[in-house]
Amino acid sequence: MTANLRNRLLLLLLLPLCALALVGMWVDYRSAAEAATQHDQRLLRLLPVLADSVLAPPRQGDPPLLLLAPPVAEFLRQKSAYAGFSVRDAQGRLLLGDAWVRGALPSTHAPEFHSEELDGVTYRVAVQRGPTAAGELVVALADGSDPRQQWAQLLLVRVLLPNLVLVAAAALAIHWAVRRAFKPLVDLTEAVERRSPRDLSAIDEAASPVEVRPLVHSLNQLFALVEAQAEGQRRFVADAAHQLRTPLAGLQAQVEAWALMARAGAHPDLGGNELDKKVPPAHAHQAHAAITLRANEIEKLRDATRRTSQLAHQLLALSRADARSLEAQAPQRVDLKDLCESLLEMYLDAAMGKGLDLGVEVHPAHVTGHGWLLRELLSNLVDNAIQYTPAGGSVTIRCGLQPAGGGGGACAFLQVEDNGPGVPQAERARVVQRFYRVPGTQGEGTGLGLAIADEIARVHGAALTLGSGAHGQGLRVTLVFAA
């Protein structure tokens with residue numbers, strides 16, 4: 001947009017300059033034409049004087065004599081390099097003067113003008129037939145200083161070239177001036193282009209050119225409306241998730257208690273061995289079958305409650321991971337090694353219960369960020385790895401330092417690798433989207449784990465990449481922080 005404005009402004013300024021240059025050329029040519037007319041008038045006045053300078057020969061048959069009148073002599077002296085004359089008889093034979101001053105013999109006594117080129121010089125030649133002291137002769141005067149005749153040759157050097165240089169210099173000056181004038185607008189354009197889609201802060205109107213301040217004001221109003229709408233959505237998700245956590249926690253605790261009692265062989269409403277006391281032996285088998293069926297139902301209810309609680313927790317984490325909601329929280333120094341070791345302790349029982357080998361390969365590394373968010377990120381990655389890795393598999397948590405690209409030192413990283421089914425190459429860009437799960441994926445899930453991890457990575461200016469595990473099997477999720 002700014003480039004088009006610059007080009008249009010440059011074109012609109014250069015076109016009048018070119019028009020002025022053409023007008024200047026026309027005025028120059030008109031001046032040359034007026035000067036040439038004066039030269040023609042001078043030659044016309046000198047022709048009769050030249051004819052009067054021709055005297056009769058002393059003897060019959062001799063060539064006529066020439067006694068140049070002072071005006072003709074002065075003219076030839078002043079323009080010795082670009083002037084000449086000739087006197088010829090009625091048949092065109094040269095009697096006096098320069099042989100190169102010639103032309104068509106006039107048939108009348110009216111003066112005639114024509115141009116003749118010699119040695120790269122264009123001469124204006126005036127010719128007239130008339131009576132002289134030696135009889136009727138043809139006299140001619142040539143002037144090579146006619147500006148109209150030289151104008152075409154000097155057009156490039158004296159007119160066209162200076163005008164082209166002037167236009168080129170003006171174009172450079174205008175381009176520089178336009179570029180300087182448009183710099184605030186270009187800076188504003190680049191500032192908007194560099195903005196993150198999540199950055200809805202207002203643009204400084206005072207730093208914008210006066211001409212575009214109404215546009216900047218409208219943009220700020222639009223940003224404010226979008227920010228308010230997004231804030232309302234975030235607040236709703238956070239409030240809903242927060243309100244769901246308390247009843248879901250109570251429900252989950254109750255269901256867990258029922259599940260324990262069901263596995264112990266007692267009805268949830270009875271205690272200890274009340275079943276043996278109140279149920280006749282003949283119906284004991286049917287009672288135990290009913291208890292087993294109810295235990296299975298309670299187990300399913302427990303799993304559903306856990307998934308619902310996890311969803312509420314992840315929705316709350318996703319809302320809190322938004323970059324704008326973290327502006328008031330100062331980042332802190334986070335020890336990645338301690339973080340990995342604490343996650344190992346947290347998920348060790350779950351991994352052992354599923355028959356997985358959960359281990360760590362950690363080296364000292366520190367980053368600046370929000371520790372609770374990085375813990376949430378790593379927790380989601382480890383939870384996904386344990387959930388989707390089949391029994392007998394392995395999950396490894398890593399952290400440390402690795403060389404940064406371009407020789408910029410070292411950068412910290414977090415990594416979770418498993419040897420489970422992995423994620424196909426074509427699906428890796430989509431699994432970080434919210435609520436998306438790879439078609440045909442086994443197990444329960446909400447499709448939010450990797451989305452939360454990606455959101456937290458963005459908050460910390462880190463890059464989250466998905467790749468294949470060792471020997472091309474499983475999934476390796478790596479979070480690389482800036483150097």
Original post:
Among Leu200, Leu448, Leu55, what is the fewest-to-most ranking by other Cβ atoms within 10 Å?
Top reply: Leu55, Leu200, Leu448
**OP:** Could you rank the peptides 182-193, 364-375 by their average count of other C-beta atoms within 10 Å per residue, with the highest value first?
**Re:** 364-375, 182-193
Original post:
For region 28-140, what's the radius of gyration and Dmax over Cα atoms, in angstrom?
Top reply: 14.3, 53
Original post:
Going by how many other beta carbons lie within 10 Å of each one, how would you line up Glu211, Glu376, fewest first?
Top reply: Glu211, Glu376
Original post:
Over what distance in Å are the Cα centres of region 386-426 and region 99-147 separated?
Top reply: 102 Å
**OP:** Please grab the % of Cα pairs in region 331-480 that end up more than 19 Å from each other.
**Re:** 50 percent
Original post:
Roughly what would the spin-label model give for Leu118 and Gln473, points 7 Å off Cα along C-beta, in nm?
Top reply: 10.6 nm
Original post:
How do Arg124, Arg8 rank when sorted from fewest to most other Cβ atoms within 10 Å of their own Cβ?
Top reply: Arg8, Arg124
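Any read-out appearing in this document is the output of simple, stated calculations on the displayed coordinates, not a laboratory observation. Model, not experiment: these values are computed from the prediction. Cβ sites come from the backbone with ideal geometry, for glycine too, and all protein chains shown count toward neighbours.
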